[in-house]
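J.: I have a structure here, written as structure tokens, and I will follow up with some questions on it.
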Amino acid sequence: MKEPSTQPLVGFFVTCLADLYRPEVAFASIKLLELAGCRVEVPSQQTCCGQPAFNSGDNKNAAALAKQTIAAFADYEYVVGPSGSCIGMLHHYPELFEERDPWKQRALDLKARAFEITSFLVDVRDFTQIQSRFQGQVTYHDSCSGLRELKIKQQPRQLLAQIPGLTLTEMEDAETCCGFGGTFCVKYPDISNRMVSNKAESVHQTGAELLLGGDLGCLLNMAGKLSREGRRVAVRHVVEILADEFAQPALGQAADASLAYPA
Amino acid sequence: MQIRSPEFKQNARIALTDVGLQKALGNVKTGFPDKRAKAVARMPEFDALRDQARDLKNHILQHLDLYLEIFEANVIKQGGQVHWCRTAEDARQTILRLCQEAGAKTVTKGKSMVSEEINLNAHLEAHGIQPVETDLGEYILQLRGDHPSHIIAPAIHLNLEDVSETFHQHHHKPKSMDAAVLMQEARETLREKFVVADVGITGANFLVAETGSTLIVTNEGNGDLTQTLPKTHIVVSSIEKVVPTLEDMSLFLRLLARSATGQEFTVYNTLSSGTKRLGDQDGPEAFHVVLVDNGRSDMLGGELQEMLRCIRCAACMNHCPVYGAIGGHAYGWVYPGPMGSVLTPQMIGIEQAALLPNASTFCGKCEEVCPVRIPLPKLMRHWRKNEFERHLTPQAARWGLGIWAFFAKRPSLYRLLSRISNLSLRSLAGKKQRIEKLPFGQAWTQMRDMPAPSGKTFMQQWQARNKTGHNS
Ligand code: SF4
């Protein structure tokens, strides 16, 4: 195996949701990667990781998207993205190909290079230079795929602990699913609603003013529920705080604060 | 048992608004996961044991025929008989015949999910034989004409008030809200039944090949009376319960109790080895083991084989947020929760059980706690794949997926689609930055707001930056 380079070339995997909903998450991630000494490029041939197809049992389309992603990121030392769920999907790619298919090896190779952003910063780059002016009390939701497929638990906490003004109050059941689950939340809206209501309550109980997490799907779900319930908790992706990029309003919040919550 | 799995969504909706059920479900977490966590924390080698158990089960499944034949030979040596039943119908008929041969009018029953699976009680009743459930939970359910909603705590969906009311009606005694009093009432009633029963039917947690023994674990001791008092003891068990030796059994027992209830060991672990011998104080004169296949051997050699490692500890449902929200009845058949979402399609057909493997966020908690490391999400995905290939996935979902995939496979068109979606979402949201009613996303916005995109798509912004010379 090659020696890891000191200034590795990272292919940034944007993820559909960061692209569509929250470009700040992608910009903040890229900023962090550069602070951690990486050169970053955004391959233009990337789209979606293919998870909606894979989880719906449509392996044909999932494999087609896997090939597209593998090809788009073939030339990078690492592939990094701001989502445990999407990077977790990249780790599933080898399951989509038969043993003798040459794509199997390429999928395994991609898997070895693919990292979620906080785990990359901590586990690969040993990054300890977080500089953030954030002040306040936050709580953290562990998204399921990151937690269980990629073993991401301490990494974001280790990075947040480097911010002097930040206190982290853990919520009860931080590891319990928020009920998003991709298409689950629209296929089984009643069950999903119960799960996200429980989550909103746990978040509220901490008294934190800000909820952080590493996956935009879950964050959109929780932000939507918190605002529907009129709870005054803002929601952001963890990289926004880590990169000191939190001037923009939080998820679903209006720039004009008077519009932020139902009267 | 009537199959209600096709109405899963409706069942779930009703369950979510059932006040009594929701109250009862509130006991699950403190009753099981918290206790399991403590038990696991006390045992540093727990994960190593799980690996051993997984490997041992894999070995057994690889040689299932061999171990079952050794088991049968040893049952015969101990004076018993083994009956091989390919289908649920075979098993029902066999047990009925054995009961009739014993001239049975009433049979006592220990807790057995396999007997639920083969719908035994209704079959016996239809032929004039009265089965009496002796496990407290099952007894309550039988009085109520109800079915288990959980594989180890069958009446978990009920509250004390429900039990009190049921006993008052059936025992004709003053109503009590004291659990100890109710327990005593049940004991007294059941004692009479134990004495008159002609046949005792129990399930089995394990079948031990080297000794031809069957084992049940209970916390009430009801199983012991069920199997020692009547002249005939029938054990009904599925084929994957066999283990090679007593020592192997003890490995599983250590995992089972901790995973199920957080106990170090279940209170009663009762081995049955054949018929009463000379000098034995008690024991049956006839000992039968009814081995049920019911679709299991079809799972061997395929992706679903891993499901046959299951030791029925219920940890997967105890920790499942979906089960925790709706309870077991919503799943519409015998086995609820994640293990049921894998097993039920195999047993009643994927057409009827289509919704079950989809009713998971794939959060992975079940796999995390499963003592024999069954990859439950992967096995649910197996069924989703099967549904997709056989066009059982709802047509609208297929079309949606098809259109999405068409764009996703064409990066420049996909950019265009993202830009259009981004723009429409932003204009729908306006200055509020959130959408309270999404035209095609009612399922989302009925329950929660949809936050709006914060600006143009990342790809648009990235391109613009790089064009203006900012190469970050
Ligand atoms: S699948 Fe695993 S966790 Fe669930 S009941 Fe079976 S052994 Fe227990």
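The values are calculated or read from the model by the stated rules, or taken from the named source; none is laboratory data. Bear in mind that the values here come from a model prediction, so they are computed numbers and not experimental data. Backbone-built Cβ (ideal geometry, glycine too); neighbour counts: all protein chains shown. Side chains included, ligands, DNA and RNA excluded: accessible areas come from the protein's heavy atoms. Shrake-Rupley method; radii C 1.70, N 1.55, O 1.52, S 1.80 Å.
J.: Check every one of the helices (runs of 4 or more DSSP H) wholly within the range A:10-60 and list those with 3 or more residues that are facing another protein chain (nearest Cβ under 7 Å) and under 18 Å from the mean Cα position of the chain (by Cα).
T.: Numbers: elements: A:16-20, A:23-35, A:51-55.
Of the helices (runs of 4 or more DSSP H) lying wholly inside the range A:10-60, those with at least 3 residues that are facing another protein chain (nearest Cβ under 7 Å) and under 18 Å from the mean Cα position of the chain (by Cα) span A:16-20, A:23-35.
For (1) open to solvent by 20 Å² or more (accessible area, probe 1.4 Å); (2) touching a Ser or Thr at 6+ places or on another chain (Cβ under 8 Å), each residue gets a yes or a no:
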{"residue": "B:V107", "(1), (2)": "no, no"}
{"residue": "B:I118", "(1), (2)": "no, no"}
{"residue": "B:H123", "(1), (2)": "yes, no"}
{"residue": "B:P131", "(1), (2)": "no, yes"}
{"residue": "B:T134", "(1), (2)": "no, yes"}
{"residue": "B:I151", "(1), (2)": "no, no"}
{"residue": "B:M177", "(1), (2)": "yes, yes"}
{"residue": "B:E188", "(1), (2)": "yes, no"}
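J.: With (1) out of contact with any Ser or Thr (no Cβ under 9 Å at 6 or more places or on another chain); (2) outside the structural domain of A:V80 (by TED's automatic domain parsing) as the list, and A:L96 as the residue in question, which single condition is left unmet?
T.: Checking A:L96 against (1) out of contact with any Ser or Thr (no Cβ under 9 Å at 6 or more places or on another chain); (2) outside the structural domain of A:V80 (by TED's automatic domain parsing), the one that fails is (2).
J.: I want to confirm something. Restricting to the range B:309-327 and keeping residues that are among the aliphatic types (A, V, I, L, M) and within 10 Å of the ligand (Cβ to nearest atom), which single residue is farthest from the other protein chains (Cβ to nearest Cβ)? I'd like the intermediate steps shown before the answer.
T.: Restricting attention to the range B:309-327, the residues satisfying the condition of being among the aliphatic types (A, V, I, L, M) are B:311, B:314-315, B:317, B:322, B:325-326.
From what is left, the residues that are within 10 Å of the ligand (Cβ to nearest atom) are B:311, B:314-315, B:317.
On the way: B:I311: 21, B:A314: 18, B:A315: 15, B:M317: 14 Å.
Ranking the qualifying residues of the range B:309-327, first place goes to B:I311.
J.: Hey, which of the helices (runs of 4 or more DSSP H) in the range B:351-415, taking only ones fully inside, have at least 3 residues that are touching a residue at least 40 places away in the same chain (Cβ under 8 Å)?
T.: Details: elements: B:365-369, B:376-389, B:395-408.
The qualifying helices (runs of 4 or more DSSP H) are B:365-369, B:376-389.
J.: Let me ask you something else. Looking at the range B:355-381, which of its residues are open to solvent by 40 Å² or more (accessible area, probe 1.4 Å) and within 16 Å of the ligand (Cβ to nearest atom)?
T.: Let us first name the residues in the range B:355-381 that are open to solvent by 40 Å² or more (accessible area, probe 1.4 Å), namely B:355, B:365, B:367-368, B:373, B:378.
B:K365, B:E367, B:E368, B:R373, B:K378 - these are the residues of the range B:355-381 that are open to solvent by 40 Å² or more (accessible area, probe 1.4 Å) and within 16 Å of the ligand (Cβ to nearest atom).
J.: Right, another one. For the range B:328-349, state whether one or more residues are open to solvent by 10 Å² or more (accessible area, probe 1.4 Å), in contact with a Gly (Cβ under 6 Å, 6 or more places away or on another chain) and within 16 Å of the ligand (Cβ to nearest atom). So that I can check it myself, show each step before the final result.
T.: Here is the first cut: in the range B:328-349, the ones open to solvent by 10 Å² or more (accessible area, probe 1.4 Å) are B:329, B:333, B:346-349.
Now narrow it down to the ones that are in contact with a Gly (Cβ under 6 Å, 6 or more places away or on another chain): B:346-347.
Imposing the further condition that a residue be within 16 Å of the ligand (Cβ to nearest atom) reduces the set to B:346-347.
Checked the range B:328-349: at least one residue is open to solvent by 10 Å² or more (accessible area, probe 1.4 Å), in contact with a Gly (Cβ under 6 Å, 6 or more places away or on another chain) and within 16 Å of the ligand (Cβ to nearest atom).
J.: Scanning the range A:216-255 for residues that are over 24 Å from A:A26 (Cα atoms) and in contact with a Lys or Arg (Cβ under 9 Å, 6 or more places away or on another chain), which turns out surrounded by the most Cβ atoms within 10 Å (Cβ to Cβ)?
T.: Start the filter on the range A:216-255 by keeping residues that are over 24 Å from A:A26 (Cα atoms), which leaves A:228-232.
From what is left, the residues that are in contact with a Lys or Arg (Cβ under 9 Å, 6 or more places away or on another chain) are A:228-229, A:231.
Numbers: A:R228: 22, A:E229: 16, A:R231: 15.
It comes out as A:R228.
J.: Within the range B:291-301, does at least one residue satisfy the condition of being within 13 Å of the ligand (Cβ to nearest atom), outside any loop (DSSP other than H, G, I, E, B) and either touching a Phe, Trp or Tyr at 6+ places or on another chain (Cβ under 9 Å) or under 19 Å from B:C363 (Cβ atoms) (or both)? Before the answer, list the steps.
T.: Step one: list which residues in the range B:291-301 are within 13 Å of the ligand (Cβ to nearest atom), which gives none.
Within the range B:291-301 (the criterion being within 13 Å of the ligand (Cβ to nearest atom), outside any loop (DSSP other than H, G, I, E, B) and either touching a Phe, Trp or Tyr at 6+ places or on another chain (Cβ under 9 Å) or under 19 Å from B:C363 (Cβ atoms) (or both)), the answer is no, since none of the residues qualifies.
Rundown of residues vs (1) within 30 Å of B:A39 (Cβ to Cβ); (2) among the β-branched types (V, I, T), yes/no style:
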| residue | (1), (2) |
| --- | --- |
| B:E368 | yes, no |
| B:I403 | no, yes |
| B:R410 | no, no |
| B:R415 | no, no |
| B:E436 | no, no |
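J.: Kindly provide the set of residues from the range B:408-419 that are open to solvent by 40 Å² or more (accessible area, probe 1.4 Å) and facing chain A (nearest Cβ under 7 Å), ordered by number.
T.: Taking the range B:408-419 and keeping what is open to solvent by 40 Å² or more (accessible area, probe 1.4 Å), we get B:409-410, B:412-413, B:416-417, B:419.
Result: B:K409, single match.
J.: Exactly one of these conditions fails for A:A234: (1) more than 23 Å from B:V369 (Cβ to Cβ); (2) facing chain B (nearest Cβ under 7 Å). Give me its number.
T.: All conditions pass for A:A234, except number (2).
J.: From B:V208, B:V217, which residue is touching a residue at least 60 places away in the same chain (Cβ under 8 Å) and open to solvent by less than 50 Å² (accessible area, probe 1.4 Å)? Outline the logic, then answer.
T.: Values: B:V217 fails: touching a residue at least 60 places away in the same chain (Cβ under 8 Å).
Going through B:V208, B:V217 in turn, the sole match is B:V208.
J.: While we're here: What tally of residues in the range A:129-153 results from selecting those that are outside any strand (DSSP E or B), farther than 16 Å from A:F180 by Cβ and not hydroxyl-bearing (S, T, Y)?
T.: The first filter runs over the range A:129-153 and keeps only residues outside any strand (DSSP E or B), leaving A:129-135, A:142-153.
With farther than 16 Å from A:F180 by Cβ added as a condition, the list becomes A:129-135, A:150-153.
Now restrict to residues that are not hydroxyl-bearing (S, T, Y): A:129-131, A:133-135, A:150-153.
The number of residues fulfilling the criteria is 10.
J.: So, in the range B:433-472, exactly how many residues are in a helix (DSSP H, G or I), in contact (Cβ under 8 Å) with a residue 12 or more places away in the chain and at the interface with chain A (Cβ under 7 Å from one of its Cβ atoms)? Show your work before the answer.
T.: Applying the first criterion (in a helix (DSSP H, G or I)) to the range B:433-472 yields B:442-445, B:458-467.
Among the residues that remain, those that are also in contact (Cβ under 8 Å) with a residue 12 or more places away in the chain are: B:459-460.
Among the residues that remain, those that are also at the interface with chain A (Cβ under 7 Å from one of its Cβ atoms) are: B:459.
Residues meeting the conditions: 1.
J.: Within the range B:338-350, track down each residue that is of a type outside the set (A, V, I, L, M, F, W, C), outside any loop (DSSP other than H, G, I, E, B) and without any contact (Cβ under 8 Å) to a residue 60 or more places away in the chain.
T.: Those that are of a type outside the set (A, V, I, L, M, F, W, C), outside any loop (DSSP other than H, G, I, E, B) and without any contact (Cβ under 8 Å) to a residue 60 or more places away in the chain: B:P338, B:G340, B:S341, B:P345, B:Q346.
J.: So, of the residues in the range A:178-215 that are open to solvent by 20 Å² or more (accessible area, probe 1.4 Å) and among the hydrophobic types (A, V, I, L, M, F, W, C), which turns out to be farthest from the other protein chains (Cβ to nearest Cβ)?
T.: Per the criteria, the residue is A:F180.
J.: Follow-up question, since we're still on this one. Only one of these conditions is not met by B:V372: (1) under 36 Å from the mean Cα position of the chain (by Cα); (2) farther than 28 Å from B:H319 by Cα; (3) aliphatic (A, V, I, L, M). Which number is it?
T.: The single condition B:V372 does not satisfy is (2).
J.: Taking the conditions exactly as written (part of a helix (DSSP H, G or I), farther than 30 Å from B:L300 by Cα and either of a type in the set (K, R) or in contact with a Ser or Thr (Cβ under 9 Å, 6 or more places away or on another chain) (or both)), does B:R13 satisfy them or not? Before the answer, list the steps.
T.: Numbers: part of a helix (DSSP H, G or I): yes; farther than 30 Å from B:L300 by Cα: yes; either of a type in the set (K, R) or in contact with a Ser or Thr (Cβ under 9 Å, 6 or more places away or on another chain) (or both): yes.
So B:R13 passes the test.
J.: Is there a residue in the range B:248-258 that is within 16 Å of the ligand (Cβ to nearest atom), open to solvent by less than 30 Å² (accessible area, probe 1.4 Å), of a type outside the set (A, V, I, L, M, F, W, C) and more than 23 Å from B:W84 (Cα to Cα)? Before you say what the answer is, go through the steps one by one.
T.: Residues of the range B:248-258 that are within 16 Å of the ligand (Cβ to nearest atom), as a first pass: B:248-249, B:251-258.
This time we only want the ones that are open to solvent by less than 30 Å² (accessible area, probe 1.4 Å), so: B:249, B:251-253, B:255-258.
Adding the requirement that they be of a type outside the set (A, V, I, L, M, F, W, C) leaves B:258.
Filter once more, keeping what is more than 23 Å from B:W84 (Cα to Cα): B:258.
Yes: one or more hits.
J.: State yes or no: is B:R390 within 32 Å of the chain's Cα centre (by Cα) and more than 7 Å from chain A (Cβ to nearest Cβ)? Break it down stepwise before answering.
T.: Numbers: within 32 Å of the chain's Cα centre (by Cα): yes; more than 7 Å from chain A (Cβ to nearest Cβ): yes.
Yes; evaluated as a whole, the condition is true for this residue.
J.: Then there is this: Just one of B:A405, B:A429 is more than 16 Å from the ligand (Cβ to nearest atom), surrounded by fewer than 23 Cβ atoms within 10 Å (Cβ to Cβ) and closer than 22 Å to A:S192 by Cβ; which is it?
T.: Working: B:A405 fails: closer than 22 Å to A:S192 by Cβ.
One residue alone meets the criteria, B:A429.
J.: From B:L304, B:L278, which residue is assigned to a loop (DSSP other than H, G, I, E, B), surrounded by fewer than 22 Cβ atoms within 10 Å (Cβ to Cβ) and either more than 9 Å from the ligand (Cβ to nearest atom) or not assigned by TED's automatic domain parsing to the domain that holds B:S237 (or both)?
T.: Working: B:L304 fails: assigned to a loop (DSSP other than H, G, I, E, B).
None of the others qualify; the one that does is B:L278.
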